[in-house]
Every structure is written in structure tokens, then in C-alpha cells.
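Here is the structure we will look at.
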Amino acid sequence: MSATPLQSLLQIDVLSRDMRTLVESILVLVALMGAFAVRRRKRAVTATTFLLLSGSALIDAGSRFIPNDLVSQKTAVAAFVLFLFGLIRLVLEFVDSVTRRGKVHFSSIFKELIMLVLWFVVVMVVLYTDFGVQPLSILTTTTVFAAVLGFALQETLGNVFSGLSLSIGRPFEPGDWIRSGTHLGQVKGIAWRATTIVTRANERLEIPNSVIAKDTLYNYATGYVRDEISVGISYGVPPNHVREVVLTLLRDVPQVLHDPPPEVLAWNYSDFAIEYRIKYAIVDYGAQEHVRDRVASSLWYALRRHSIEIPFPTRTVHVRDAGRDEDEKADAQFERELMTDLRQVDWLRGLSDDELRLLVPTVSVRQFGAGEMLMRIGEPGESMFIVRSGRAEVQGRTADGQIRHLAEIGRGVVTGEMALMTGEPRNANVRAITDLEVIEMDREGFTRLFKEHPDAAASIGDIITARNRERLEKLASGDTLDGKGGPHRWLINKMRELFDF
């Protein structure tokens, strides 16, 4: 028996008959081992490809045992066709693997379409060369059959051509977050019939390509995406104040971009409130829900902390405990609570009740959410804070400009007193670790105290100086504050100048 077409393709037709059979047997074994190696694994080359190659070699080797020469010849031709099918799949799957490794957008539609075209060409050539079938007659029959099939499969073909259009136009790529109609998810790939997306609930959706092609398509992979929330604020709060409060809290949300900057727009005058649209940009749309939760939560704390009312549902937030009556009994009880909290501070503990009462009218109770900043290095220090509940982290700046952790503070600890007493800028960052409630004290109360009891300034100065010296030691700085006769004298002079006593 002469060499088969497959043996001629493999360049083993010059070998003896037995050697050709041996080579084909080895090819079958190698292909079967390849199919076994890639089974149940997400590989670029599938087991089907190796089965086609091994099957074609096995059929070709077995054709020599068929006694009828015509049947043996046609069987060898069929083996040749199967081998070419496997070879085409192998090449296209390898190209697909290379493009995916390079993160190039490569739809499976093109791979499958090229495969079908090449298979059709192979079949046409074999039919013409080995069976004598005329291509024109095949094309005529195929055209009539295609017309009937196309009429019956209009919707399916519509999805196919829509998929081709999406692959050529590339309105999205795998990994992009898109919205089509009511469907929102991350693109996994485009196939003949449908585009696959995975929703936030980890639901796998197969959306027909024709539906995506007809609907308006939103693609959120554009570098950054704007998101927004709305809130109603009382008419009694100036819009500029609202804008300042909201922009400050957005600055502390890590996922919110500073460029483009966030916006706070006074949008509408409703029956109960001024409606504001808070717009900000994020990079990863997949984190949109978590970022919105962080913004909305921080907004509640910020509005409550600044005594800004959200009228509907009506919530009145006072600097003192909301919901307490304004009668004298409630005021007296609240005053006793505040004085108890003030005595937790070491340098206020020695003051008499009368001296503490001078401070109480200027005290405010504030709330901060976890992660929010109470104060920043370089800001003007117009108030100080006493921790009522929760924990916060204190950071300072070293001589080489690095920000370093100094301490973790809790109930009864005071922070910000140095800047309050001297008028100097803040020299530390303080960030809430947990939800935090603090007592805020400004200069007005201390102005009254020092004017009526100047000796209180000296005792307070002693303790503050000792605390500041400890802070400087932690920052590895042995310098005095500015060399004006030592830290204590400098501090007292600053306090006399600032509080005018």
C-alpha cells in the first residue's frame, strides 16, 4: 500500500510500511498522553484537540488493514481531514493563549469563526481532490440550505452577528464593569450567542448579544467613575458651611480621588430642606457600594458633630445631649456630668468647682466616626479635645519630616491643649480608631478662668510643659520650644499674651 495523505504531510512516506505504522502509533500514544494531561484543567489547549490528533493517526494506521482498496483510501482521506481539524484547533488555541496572556482583547467568536472557515476550506479541497465533487455545485446547494436555515434561526443569527459587531467595535473588554438595561456586572467574555457577566451577588448572567447591541450600554472602566449621594440639610445652615464640612470628610475617605475634586452642589429647595448632591470620583467601580457606605456613614457623624440638622426625618442635634429638656434640673445634671469628665484631666483636676463652672458653658460634646481626623499637623489650634469614649491614635512629625506613631489614647485623655494654650499651629495628627465621643473646649472658657484666677494658669502650665517634654522625647528631639528661657516660661508667656491675663 502506498503512503497515505497524512503520512505524506508528516514526511514519513519515505519510510517503510512498518516504520510508518510505528511512527503513527507513537503519535497516537503522545496525543493520548496530552489529552490525559490537560483533562479537567483550565488549559489553553483542550483535550478534544489531542483526541482529534490521536484519533486521526489511529484511523490512518488502521486503514492499511482494510482489504478493500477504495474503502481504505477513503478512510485514509477521512483521517487526513480529522488531523487537519486537530491541527487547526491546536494553532488557534495557541494563538488564543498568547493573546490572553498579553491581556489583549480577543473574543472567542473570532477564533471559532476562523476555525469554521478553515474547516470548510479543508473539506472543500478534500472533496474536490479525492472525491471529484465540483465546488460550484456544493456552493449552490449550501446557499439554498443556508437560506432556509437562516430563516429558521433568525434570532440565533442575530445574536451571532451582534457578537461579531461587539468584538470588532470593542465597547468593553473582559474585566470591565458594564450596565446593560437592568443588568450590572463584570464582563467575563463574549461568545457566539451571549456575553457573560458576573454580578456583585456572584450571579453569572448570559445576556444575548442582540440585547446588548440594542440597549444603551454603560461602561465604567474609563479611568475613574463619578458617584454621588444626596442629602437634605436644614434651611438654617449656610450652604458654604455645609460644603466645607462635607469636603473635609471626603478628604479622609481613602478611595475617593482628589483629582478630579469632589463637589457639593446645593441642588433643590424642597419643602423641608435644601437638597445637596455630593459627587465624588472613584477608580474601581467594583468598590462603589463600599465607598458609598463609607461616605454616607462619615456624613452622619460629620453632620451630627457640627450640629447640622437633617429635617426629614426630623433630627435636632444639640452640642449637649440631644433629647434632654431645657429645665434647670436637666441642666444641672448635665453640668455635673461634664464636671466629672473634666476632672479626669490631670491638669484640670486641681481646679475648684467654681473654677470648673467657668469652663462648662463653652464645652461641646462631639462625635467622630472610626477613621476620621480630629486634628491635623499645621492647622490652627482653636480648641482641644477630651476623650469621653472610644480610642484614637496620635501621630507626630520627626526632625526629618517623617510621620511617626506616638500613642493610642482613650477615655480621660486630652489632646490639642498645646496649640490651644499657645496659639501655635497643631503639632500632631489625631485620628479616631473607633467611634469616638469627645468634649471640645475652646479659648473662651479659659479666657474667663485665667482672668478671674490667674494662678490657675501657672499650675496648668506646669503639667502641659511636662507632657510636651515627654512628646518631644518620643520624637527624639532634645530642643526646647524656641529658646526663650525654657519651655515653662515660654508657655506661660504665650498663655498671658493669648488669653490677656
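The values are calculated or read from the model by the stated rules, or taken from the named source; none is laboratory data. From a predicted model like this one, the values you see are computed outputs, not experimental measurements. FYI the Cβ positions are ideal-geometry reconstructions off the backbone, even for glycines, and counts take in every protein chain you see. Quick note on the areas: whole protein, heavy atoms, side chains included, nothing else; ligands and nucleic acids left out. Shrake-Rupley method; radii C 1.70, N 1.55, O 1.52, S 1.80 Å.
Taking just the alpha carbons, could you work out the radius of gyration and Dmax for region 47-89, both in angstroms?
Spelled out, the Cα radius of gyration and Dmax of region 47-89 are 10.6, 33 Å.
Give the calculated FRET efficiency between VAL71 and SER165 to the nearest 0.05, with a Förster radius of 45 Å applied to their Cβ-Cβ distance.
Details: r = 46 Å, r/R0 = 1.03.
Result of the calculation: an efficiency of 0.45.
Net charge around ARG251, counting only other residues with Cβ within less than 12 Å of its Cβ (Lys, Arg = +1; Asp, Glu = -1)?
Working: positive: ARG376; negative: GLU244, ASP252, GLU372.
Summing Lys and Arg as +1 and Asp and Glu as -1 gives -2.
When all protein chains stay in place, what accessible area (Å², nearest 10, 1.4 Å probe) is found for THR248?
For THR248, the solvent-accessible surface is approximately 60 Å².
Could the peptides 258-265, 304-311 be put in order, highest first, of the mean number of other beta-carbon atoms found within 10 Å of their residues?
Working: 258-265: 14.1, 304-311: 18.5.
The most tightly packed comes first, giving 304-311, 258-265.
Once the other residues with Cβ under 10 Å from the Cβ of ARG292 are scored (Lys, Arg +1; Asp, Glu -1), what is the net sum?
Numbers: positive: ARG294; negative: ASP227, GLU228, GLU289, ASP293.
Net charge in that neighbourhood comes out at -3.
For THR21, what is the net charge nearby, where nearby means another residue's Cβ is under 11 Å from its Cβ and Lys, Arg count +1, Asp, Glu -1?
Values: positive: ARG17, ARG20, ARG64; negative: ASP18, GLU24, ASP60.
Net charge around THR21: 0.
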